[in-house]
Amino acid sequence: MRRARNALLALFSHDAAGLLIAAIATALFWALGWAMPGDLRGGFRALGLALGLLLAVASLRHLWVLAKVRRDVPPPGRMVDLGGYRVHVLAEGQARDGRPPVVWFAGGHAGGFAMHHLHRAFRGETRSILIDRPGTGWSDAGPFPRTTAREADEMVLALERAGEKGPYVWAGHSFGGLLVANIARRRPDLVHTVVLLDPTPLETIVFGPRLGALAQMRRTAWLGGFMQLFGLNMAARAEAKARQIPAYAKAMDAARAVLGPEAAAVRAVEFNAAAYFTQASIYSELSPEGVAAVAWDTVVYDRDLGDLPVWLVGPRDDNDSDIALLPEAQQGSAANAQRMFHFFAATRERYLATSTRSRRVVAPQGSGHNFVYEEAQWTTGVMREVLLGSDSASSAVKP
């Protein structure tokens with residue numbers, strides 16, 4: 001079953017698969033026509049032909065628009081061959097005066113430009129690197145299944161083949177934090193410092209309440225992929241729905257403001273099926289069953305990072321405003337909501353136990369999960385302390 005699922009994901013991640021679906025739909029109507037009464041058979045087949053033509057035209061238009069966007073917005077970095085598929089690496093600036101290069105990863109299964117505001121802030125001070133995870137930005141989808149463990153190896157290989165030299169500061173937000181923790185566990189020789197920006201703790205998925213938002217993410221990835229094959233973009237609809245919640249609208253506006261027009265242009269490049277189907281694959285980890293299947297390869301646990309420097313940056317233990325927005329926290333008693341606050345805080349803090357040289361940095365009062373955008377200047381100060389030895393964020397640091 002998994003092999004068949006991965007084969008389908010690989011097939012549908014090619015945008016031309018819309019034409020195949022159009023042909024199958026037409027053939028299916030034609031075949032089913034044999035079961036129809038003679039006086040209805042012709043009309044039924046004509047309906048199938050019309051549907052097939054509609055899907056084919058929509059698919060061709062999507063392919064034409066996508067080709068035009070890719071001509072108009074070429075990759076600014078290098079396309080690195082990982083063995084039959086390519087990953088986009090943008091590396092700018094010089095690592096001088098002993099300063100380490102930094103590699104940035106955003107939350108979700110997002111491309112490198114989702115951290116462009118931090119890249120932009122530091123590329124004049126050190127070597128700053130953005131990598132489009134397979135299926136994002138300009139990168140190819142790559143082989144399936146998409147997993148955090150696989151992408152940890154791919155990111156290291158991409159840097160090596162791009163000619164970049166470590167050790168690096170690995171900085172990852174949310175799901176990107178889980179990725180950099182995996183990279184650090186596998187290649188401690190390439191680590192200067194691990195910076196976990198409110199990283200995803202998989203224990204939350206296993207032992208916490210079933211979160212409808214995670215299930216919705218997986219459903220949207222599947223549905224969005226099929227819709228995108230015919231040029232129908234689900235991202236705008238999902239954003240409009242999220243904007244009905246003021247806190248989410250605030251976070252999206254903050255991200256858009258700090259990322260700027262360069263990142264906005266990349267969004268058009270990602271209006272393709274691969275962006276959705278790679279999400280559908282890797283987001284399968286975000287369920288109790290999914291974590292169980294990948295736990296040994298993916299969970300980074302107590303002492304796994306030895307004595308590597310690890311900075312855990314995030315909201316105050318009992319002050320993550322985003323948790324209050326979860327429907328699961330709004331249901332039942334106040335005691336249930338308080339338990340969720342404590343639970344999510346405790347699972348985040350477990351990352352401190354991954355290394356004997358960990359330190360905790362507390363985000364400003366009232367910050368939530370997306371502080372990297374809402375508190376961009378403060379986040380830059382913290383990263384400057386990591387990278388350049390500045391004391392600009394020292395008041396926020398707890399040993």
Exercise. How many residues does the range 197-210 hold that are within 13 Å of Tyr283 (Cα to Cα) and out of contact with any Leu (no Cβ under 6 Å at 6 or more places or on another chain)?
Worked result: 1
Seminar exercise, completed: Going through (1) under 26 Å from Val291 (Cα atoms); (2) at pLDDT 95 or above one by one, Gly108 fails only at (2)
Seminar exercise, completed: Of Arg41, Arg61, Arg96, the only residue that is modelled with pLDDT of 95 or more, of a type in the set (Lys, Arg) and either on the phi < 0 side of the Ramachandran plot or buried (at least 17 other Cβ atoms within 10 Å of the Cβ) (or both) is Arg61
Seminar exercise, completed: Among Leu214, Leu178, Leu202, Leu157, the single one that is modelled with pLDDT of 95 or more and farther than 21 Å from Met79 by Cβ is Leu178
Problem set entry | Residues located in the range 220-233, provided they are in a helix (DSSP H, G or I) and crowded, with 16+ Cβ neighbours inside 10 Å | Thr220, Ala221, Trp222, Gly224, Gly225, Phe226, Met227, Gln228
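Go through the range 171-219 and count every residue that is part of a helix (DSSP H, G or I) and either touching a residue at least 24 places away in the same chain (Cβ under 8 Å) or more than 30 Å from His14 (Cβ to Cβ) (or both).
Total meeting the criteria: 27.
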For this session: Scan the range 173-193 for residues that are over 16 Å from Val386 (Cα atoms) and among the hydroxyl-bearing types (Ser, Thr, Tyr) and report the count.
Result: 1
For this session: Could you list all residues from the range 61-81 that are free of Cβ contacts under 8 Å to residues at least 40 places away in the same chain and small (Gly, Ala, Ser)?
Result: Ala67
Seminar exercise, completed: Inside the range 349-367, the number of residues satisfying the requirement of being modelled with pLDDT under 95 and in a helix (DSSP H, G or I) is 2
For this session: Among the candidates Trp34, Trp64, single out the residue that is of a type outside the set (Lys, Arg) and under 32 Å from the mean Cα position of the chain (by Cα).
Result: Trp64
For this session: Go through the range 299-314 and give me each residue that's of a type outside the set (A, V, I, L, M, F, W, C) and surrounded by 21 or more Cβ atoms within 10 Å (Cβ to Cβ).
Result: Gly314
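Taking the range 364-375 on its own, how many of its residues are touching a residue at least 60 places away in the same chain (Cβ under 8 Å) and either out of contact with any strand residue (DSSP E or B) (no Cβ under 6 Å at 6 or more places or on another chain) or small (Gly, Ala, Ser) (or both)? Spell out how you get there, then give the answer.
The initial filter retains those residues of the range 364-375 that are touching a residue at least 60 places away in the same chain (Cβ under 8 Å), namely 368-374.
Subsequent filtering for residues that are either out of contact with any strand residue (DSSP E or B) (no Cβ under 6 Å at 6 or more places or on another chain) or small (Gly, Ala, Ser) (or both) retains 368-371, 373-374.
Total satisfying the criteria: 6.
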Exercise. Would a scan of the range 142-150 turn up a residue that is assigned to a helix (DSSP H, G or I) and of a type outside the set (Gly, Ala, Ser)?
Worked result: yes
Problem set entry | Qualifying positions in the range 69-108 - of a type in the set (D, E, K, R) and assigned to a loop (DSSP other than H, G, I, E, B) | Arg96, Asp97, Arg99
Exercise. Is there a residue being among the small types (Gly, Ala, Ser), part of a helix (DSSP H, G or I) and surrounded by fewer than 18 Cβ atoms within 10 Å (Cβ to Cβ) anywhere in the range 2-11?
Worked result: yes
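The values are calculated or read from the model by the stated rules, or taken from the named source; none is laboratory data. Bear in mind the structure is a predicted one, so any value in this text is a computation, not a measurement. Glycine also receives a Cβ, built like all others from the backbone with ideal geometry; neighbour counts cover every protein chain displayed.
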